[in-house]
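In what follows, a structure is listed as structure tokens, so that the remarks can point back to it.
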Amino acid sequence: MGEPVKIVLQRRARPGSGKAFDAWVRALLQSAPALEGSSVIAAEGGSHFILLRFASQADLDRWQASPQVRELLRREDEFAEDPGAPVVHSGFETWFALPGRASDKPPANWKIALVTWVALFPQVVLLAYLIPPQVPFLLSAVLSTVIPVSALTWVVMPRLTVWLRRWLYPTPIEHKE
């Protein structure tokens, strides 16, 4: 079936087109029946990041090829400025996005694996000591996975990505305005 794929669209509503832009975003989200999840994040400066998750590259390709999506993307210039090219990611590299920056190429897979392991290992060891052996197995498994995944997603990986940016991205990364 393939691994999940995410597409990120960065768009900025044209002045005075806020309602039309919002309706366009809703239509775009509704145009994806195979969508596994989505987020729309409003950033400083009026930019919006539209994140769509599909079960596989084939599902994303079918969505992008659909006449409804092609028409929506053709019409976006009416109420969006500087649409820019969509960025597609699969796997853990979405944890390695630097705030306010875009890269056509994520870090090498071995770097992603190494940084993820370095971030995860101490948490697993600490939780093994903190969760008493009397805790039922299922609850222990839930705690020992929910806590590290949450910490990796919202605390550890964003910081590690910034701290290790020169090693992860040895070539300069273009600043996204």
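Each residue of the range 150-160 was assigned a 3J(HN,Hα) from its phi angle through the Karplus curve 6.51 cos²θ - 1.76 cosθ + 1.60 (θ = phi - 60°); the sequence is 5, 5, 4, 5, 9, 10, 6, 5, x, 6, 4 Hz, with glycine and proline shown as x. Amide H contacts of Ser56: Val5, each under 5 Å away and 5 or more positions distant or on a separate chain (H built 1.01 Å from N in the peptide plane; Pro and chain starts excluded).
Every read-out reported here was derived from the displayed coordinates using simple, explicitly stated rules and does not represent laboratory data. Bear in mind that the values here come from a model prediction, so they are computed numbers and not experimental data.
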